[in-house]
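Structure first, commentary second.
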């Protein structure tokens with residue numbers, strides 16, 4: 001009886017709980033929230049000051065007792081209490097103006113494919129404590145494949161590469177299950193770190209995380225470009241401590257990213273090598289699909305195509321592929337139940 005009442009009052013949610021951004025899909029409405037996974041915390045009082053976009057604006061600009069932190073590191077919850085508060089904030093945002101106090105939605109959450117049972121449990125517990133009535137987990141590559149409209153339930157191979165902020169997920173899917181998968185802790189955040197390290201080593205320049213990300217978006221690439229791109233790198237000179245400005249081009253940033261990009265491409269190649277030959281034949285015909293924000297790195301699709309000798313395409317709206325997949329599952333949870341993660345503590349709520 002209570003479940004029926006809650007289902008009328010609350011709005012069921014699909015959540016892509018990402019290291020860099022959290023996206024929320026509401027059943028029947030689509031994606032309603034796309035905000036950074038950042039929380040601003042007052043360390044003196046323990047009080048949360050801001051979440052999402054507002055907190056992201058504070059990164060690197062706060063007094064010492066206020067810290068802007070990410071409760072997820074490499075796709076996994078690193079600060080349980082803060083992650084719970086962030087989830088509660090997003091759930092309440094969706095139910096704002098309604099019965100927010102008694103809203104208990106069903107939630108489908110995307111998790112990296114390489115996480116342990118303990119890490120899955122942490123996500124479940126955080127969502128339940130934040131007010132979810134039922135929590136279902138789905139592996140992010142599976143969700144991204146569903147969001148990219150791949151025919152995952154066919155007896156044929158589909159290959160998806162989901163490059164997020166904290167993790168890169170490579171998976172071959174057939175008959176609604178993952179046949180071969182790899183989960184790497186190298187993704188968008190690691191590329192930002194590479195640019196910060198390059199600036200420090202080459203120019204003795206200390207960059208902020210946001211500046212590095214802006215440069216990556218502006219001129220970052222994985223493959224030689226036809227036209228040279230340039231951007232201004234601003235930071236603090238490590239020798240005299242004064243502000244310093246340098247013009248960098250795409251080939252310098254490509255050099256900075258080269259090692260991480262090579263690791264990503266090698267993971268994709270090794271997944272192809274481990275795939276059964278029948279499925280490889282299907283993938284050669286259908287191509288490899290790239291999703292996630294990292295897939296927007298210029299020329300990455302060309303590099304992967306060159307290294308794997310297979311056609312490669314970027315999913316439509318790659319940034320939202322995972323949350324759209326969560327939404328598709330949410331709309332027909334009974335039919336798609338087999339794609340959800342069966343955990344050791346799986347319980348079937350009445």
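We did not get these values from a lab; they are worked out from the coordinates using the rules stated. Just so you know, these numbers come straight off a predicted model, no measurement behind them. Cβ sites come from the backbone with ideal geometry, for glycine too, and all protein chains shown count toward neighbours.
Couple of notes before you dig in:
- Remark: region 219-350 is approximated by an ellipsoid whose semi-axes, taken from the C-alpha gyration tensor as √(5λ), come to 38, 23, 14 Å, largest first.
- Most to least packed among 224-230, 289-295, 328-334 [average Cβ atoms within 10 Å]: 289-295, 328-334, 224-230
- Size of region 188-256: Rg and Dmax of its alpha carbons, in Å, are 11.4, 37.
- 222 nm mean residue ellipticity, helices alone, for the chain (DSSP H n ≥ 4; -39,500 (n - 2.57); rounded to 500): -11500 deg cm²/dmol
- In the chain, the inverse of the mean reciprocal separation of distinct Cα atoms equals 21.2 Å; this is its Kirkwood hydrodynamic radius.
- Counting DSSP beta bridges with both ends in the chain, the antiparallel % (nearest 5): 70 percent
- Comparing 165, 188, 30 in a Gaussian network model of the chain where C-alpha atoms under 10 Å apart are linked, the largest mean-square fluctuation is found at 30.
- Result for the chain in a Gaussian network model with C-alpha springs under 10 Å: among 337, 190, 44, the largest mean-square fluctuation is at 44.
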